[in-house]
Amino acid sequence: MIPILDLKPQYASLQPQMDEAILAAVRGGQYINGPNVKAFEKELASALGSKHAIGLNSGTDALHLALRALDIGPGDEVITVPFTFVATTEAIGIVGATPVFVDIDPVTYNMDPQEVEAKITPRTKAILPVHLYGQPADMDALMAIAKRHGLPVVEDCAQAIGATIHGKRIGTIGAVGCFSFFPSKNLGAYGDGGACVTDDPELAARITALRGHGGRVKYYHEELGINSRLDEIQAAVLRVKLPHLDRWNEARREVAKRYNALLKDIPGVMTPEELSGTVPVYHQYTIRIKDRDGIHEGLKARGVQSMVYYPVPLHLQKVHDDLGHQSGDFPISERAAREVLSLPIFPELTMEQQREVAEALRQAVEDGIPV
Ligand SMILES: Cc1ncc(COP(=O)(O)O)c(C=O)c1O
């Protein structure tokens, strides 16, 4: 089976250094807010070109605490997309605010800026675009709208660390960038992890306070916080990996380019397109095809794993029943949910494996039904 993702070759390529870094963190005996966390925060901020980075427990907490730090709460609205992982709207719900959806662009699968202004009300407190699959959202247009309305932009960068727009890293364009180090992400820890980045010292201080029980001075608590610290051992893992991120992202782009060439003649397959001025990082390589479920089964029968990210858009999920949406409200997201299929991608995927994926896809399409 060609897996959609294989993390073992990456560990093998780093093993002596990784084992040493993990053991050193264990031997060091400072397991919370230790030297690796502090160093990683500096290194991450510098790698992304941001003034501050705050290590957290997960990408979900990064979104949640970014919204808290912006004083977003009950009665407030946050504009976002229905075609994303549930953590995006979960964070909005956790702070007590309401997600207000706008549909996506059919080509980039990201927030359609043309839909945003019509959804802005006096209760709107932020715009929360997602850089889905590692493709940057149209931040030029979104920042212009945000500026016109005096709204902060919180970037969900969970799937897109390292991607750029006009040479600037995503996550450093809006007020706060939120990252996930879930193991499968382009920069993955060996457990959960996340971070916020921002140029605003007050937002950075507030997020830092919120992650540590709402206090800026130990045992003095100004507001209700949570415990959401990045783990010292995970920070050690991430410090070993961070210097390789750009190279791995480049390898993912090569994989994407090879897929584009291999798949271009297969009838009915729509390959990804890039927004001009952006350098995506292909967290996923996602095609679009009409008989998606049949093709998914056909690939499986031929030894190729593929995945559907995501089969049900968030406005139709039970968790958001209270928003009162129905089928047809966001047709582009709904169609994407029916037609997208992500193929195996990771930096070490070989040309031979890609040929096998392409051949399996060609056969699955030709058969029209699973073997
Ligand atoms: C788009 C998006 N947002 C947020 C998250 C949440 O990150 P985490 O799993 O680290 O909480 C994820 C990934 O899991 C994601 O894909």
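Matching residues to (1) crowded, with 19+ Cβ neighbours inside 10 Å; (2) touching a strand residue (DSSP E or B) at 6+ places or on another chain (Cβ under 9 Å); (3) in contact (Cβ under 8 Å) with a residue 40 or more places away in the chain:
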| position | (1), (2), (3) |
| --- | --- |
| 109 | yes, yes, yes |
| 116 | yes, yes, no |
| 129 | yes, yes, yes |
| 136 | yes, yes, yes |
| 171 | yes, yes, yes |
| 209 | yes, no, no |
| 215 | no, no, no |
| 219 | no, no, no |
Hey, residue 285 touching a strand residue (DSSP E or B) at 6+ places or on another chain (Cβ under 8 Å), over 19 Å from residue 184 (Cα atoms), among the aromatic types (Phe, Trp, Tyr) and buried (at least 18 other Cβ atoms within 10 Å of the Cβ) or not: no
Any helices (runs of 4 or more DSSP H) falling wholly within region 258-371 and containing at least 1 residues that are within 21 Å of residue 115 (Cβ to Cβ) and at pLDDT 95 or above: 331-339
Residue 7 being in contact with a Gly (Cβ under 9 Å, 6 or more places away or on another chain) and surrounded by fewer than 17 Cβ atoms within 10 Å (Cβ to Cβ): yes
Residue within region 38-54 that is in the same structural domain as residue 189 (by TED's automatic domain parsing), over 17 Å from the mean Cα position of the chain (by Cα), free of Cβ contacts under 8 Å to residues at least 60 places away in the same chain and over 22 Å from residue 163 (Cα atoms) present: yes
Residue selected from region 55-72 under the condition more than 10 Å from the ligand (Cβ to nearest atom) and in contact (Cβ under 8 Å) with a residue 60 or more places away in the chain, by the criterion nearest to residue 193 (Cα to Cα): 55
Failed item, numbered, when residue 75 is tested on (1) more than 16 Å from the ligand (Cβ to nearest atom); (2) in contact (Cβ under 8 Å) with a residue 12 or more places away in the chain; (3) over 24 Å from residue 223 (Cβ atoms): (3)
Residue that is farthest from residue 126 (Cα to Cα), among those in region 78-96 that are more than 10 Å from the ligand (Cβ to nearest atom), under 21 Å from the mean Cα position of the chain (by Cα) and surrounded by fewer than 24 Cβ atoms within 10 Å (Cβ to Cβ): 94
Number of positions in region 331-369 that are of a type in the set (Phe, Trp, Tyr) and either in contact with a helix residue (DSSP H, G or I) (Cβ under 6 Å, 6 or more places away or on another chain) or surrounded by fewer than 14 Cβ atoms within 10 Å (Cβ to Cβ) (or both): 0
Counted residues, region 296-328 - those being within 16 Å of residue 100 (Cβ to Cβ) and hydroxyl-bearing (Ser, Thr, Tyr): 0
Residue match in region 111-121 (condition: over 15 Å from the mean Cα position of the chain (by Cα), within 15 Å of the ligand (Cβ to nearest atom) and assigned by TED's automatic domain parsing to the domain that holds residue 47): no
Cβ-Cβ under 8 Å pairs, at least 6 apart or on other chains, region 269-283 side touching a residue at least 60 places away in the same chain (Cβ under 8 Å), far side of a type in the set (Lys, Arg) and part of a loop (DSSP other than H, G, I, E, B): 283/185
Single residue of region 173-194 satisfying the filter (hydroxyl-bearing (Ser, Thr, Tyr) and surrounded by fewer than 20 Cβ atoms within 10 Å (Cβ to Cβ)) that is farthest from the ligand (Cβ to nearest atom): 190
Residue tally, condition of a type outside the set (D, E, K, R) and not in a loop (DSSP other than H, G, I, E, B), over region 179-211: 15
Count of residues meeting criterion [within 30 Å of residue 95 (Cα to Cα), among the polar types (S, T, N, Q) and outside any strand (DSSP E or B)] in region 225-257: 2
Condition met for residue 3 (of a type outside the set (A, V, I, L, M) and touching a strand residue (DSSP E or B) at 6+ places or on another chain (Cβ under 6 Å)): no
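The values are calculated or read from the model by the stated rules, or taken from the named source; none is laboratory data. These numbers come from a predicted model, not from an experiment. Glycine also receives a Cβ, built like all others from the backbone with ideal geometry; neighbour counts cover every protein chain displayed.
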